[in-house]
Amino acid sequence: MKLTPAQLESFDRDGYLFFDSLFSREEMAVLLAEVPALYRQQRQEVIREKGSDAVRTVFAAHLMNQAFAKLGRHPRMIDPVTQIFGEPVYMHQFKVNGKQAFDGDVWQWHQDYGTWKADDDMPDARAMNVAVFLDEVNEFNGPLLFIPGSHKQGAISASHDLSTTSYPLWTIDNKTITQLVDRGGIVAPKGPAGSMMIFHSCLVHGSPSNMSPWNRTIVYLSLCVVSNHIRKFSRPDWIAHRDFTPIESLADDCLTNPSVRIDSLPLAQPA
Ligand code: SIN
Ligand code: MN
C-alpha cells in the first residue's frame, strides 16, 4: 500500500489519515477472537479501568499472541509510516484499548509525543500512531477526537495527570484546547471494523467515555523511526519498548494465512 501525493498532502495539513474498511471483516474476526483470552490474563500489562474490572488497555499484545504479532508487522500498517518517514521504524508501543461497553473511560486531551518526550526522552516527534478498529466506531462508543492541524504546534506544554483515570497521561489544559479548536475544529473519524487511522504523534486527541452497549476495541501501533529511539528507560519495557530492531512487514494476507507464523512470542503465557 502506497500513499498518494494527495494523501501525503492531507496528512501534512491535518495530521491524520482515515482509511474506511481497509481490513476485511474476516481479518478483524481473527484478532477479535483472541481478545477475550487477552483480557482474562491477570498480569501487569493488562490495565483495568479505575474502580472496575473492565479492561482499559492491554500493552504489548504483539509479544503475547500470534495474531497480534502478525498485526504488528502488517504491511498495511507499517509501510505507509516508513513511506512518510523514509526510514525504517521500530515498535515503541503496542496497545489494545478496550473502551468497553458502559465502562470504557475518558482519555483526556493530550499529544502522545508529550508523554514519549517527557517519560522516555524520545528526541523528536518522528513517531506515529497507526490504529485499526476491531469493532465499529460510532458517535456513541467513545470515538477518538482529533483537532486537525494541531500537530503543527510541536510539543505543547502539559501536566502529568495521575489521578483522573487508571493510566497516567500528560494532559493539555482547557485554554490551549479552546484555542486549538477555534482554529482547527474537532473531528471524530468513525467507521466499520477494519477501518484504519494514521495520526501524527503531535496531533492533539482524546476520547469520551463509552456509555453505549457496544465495545470500541482499537489497536494502536506506535511506530518510531529507528534512529529516533528513546534514550530514557524509566517506564517498564512493556510500555516503552527497548527493542529498536527495524520492523520487516509480512505478506499482505498474513492475518488469514496460518502458514505465516512468528516464532518468538516472549510474553506468551503457557497454555
Ligand atoms: C490514546 O490516546 O492513546 C488512546 C485513546 C483511545 O483509545 O481512545
Ligand atoms: Mn494518545
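Computed quantities for the displayed model
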quantity: Residue order for LEU250, LEU134 - accessible surface, 1.4 angstrom probe, largest first; calculated: LEU250, LEU134
quantity: Backbone HN-Hα couplings from phi across segment 32-41 [Karplus 6.51/-1.76/1.60, Hz, Gly and Pro as x]; calculated: 4, 5, 8, 5, x, 5, 4, 5, 5, 5
quantity: Value of relative contact order over segment 7-228, rounded to a whole percent, pairs C-alpha under 8 Å and six or more apart; calculated: 35
quantity: Dimensions in Å of segment 96-179 - Rg and Dmax from alpha carbons; calculated: 13.8, 38
quantity: In segment 176-231, trypsin sites (Lys or Arg not before Pro) in a DSSP loop with at most 13 other beta-carbon atoms within 10 Å; calculated: ARG231
quantity: Segment 191-245 versus segment 78-156: alpha-carbon centroid distance in Å; calculated: 4
quantity: Restricting segment 43-111 to trypsin sites (Lys or Arg not before Pro) in coil, as DSSP defines it, with at most 15 other Cβ within 10 Å; calculated: ARG43, LYS50
quantity: Dmax and Rg, reported as Rg then Dmax, of the chain (C-alpha, Å); calculated: 17.3, 53
quantity: Residue-averaged 222 nm ellipticity for the chain, from DSSP H runs of 4+ at -39500 (n - 2.57), nearest 500; calculated: -6500 deg cm²/dmol
quantity: Distribution of pairwise C-alpha distances over segment 1-71, 10 Å bins, in %; calculated: 16, 33, 29, 20, 3
quantity: Cα-based Rg of segment 126-271 normalised by 2.2 N^0.38 Å, two decimals; calculated: 1.21
quantity: LEU145 long-range amide H proximity, modeled H, under 5 Å; calculated: GLY206, SER207
quantity: Table column - 3J(HN,Hα) (Hz), segment 235-246, Karplus curve with 6.51, -1.76, 1.60, x for Gly and Pro; calculated: 9, x, 6, 7, 9, 10, 5, 10, 9, 9, 4, x
quantity: Members of LYS2/LYS95; LYS70/LYS152; LYS2/LYS232 lying beyond 30 Å, as alpha-carbon distances in this model show; calculated: LYS70/LYS152; LYS2/LYS232
quantity: Portion, in percent, of the accessible area of segment 7-228 that falls on carbon or sulfur, probe 1.4 Å; calculated: 52
quantity: Å² of accessible area per residue within segment 7-228, as computed with a 1.4 Å probe and no ligands counted; calculated: 37
quantity: Reachable lysines, given that their alpha-carbon falls under 21 Å from the alpha-carbon of LYS99 and they are not under 8 places away in the same chain; calculated: LYS50, LYS190
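The values are calculated or read from the model by the stated rules, or taken from the named source; none is laboratory data. Computed from a predicted structure; not experimentally measured. Here the Cβ is made from the backbone with ideal geometry for all residues, glycine too, and neighbour counts use every protein chain on show. Heads up: the accessible areas ignore ligands, DNA and RNA and are worked out on the full protein's heavy atoms, side chains in. Shrake-Rupley method; radii C 1.70, N 1.55, O 1.52, S 1.80 Å.
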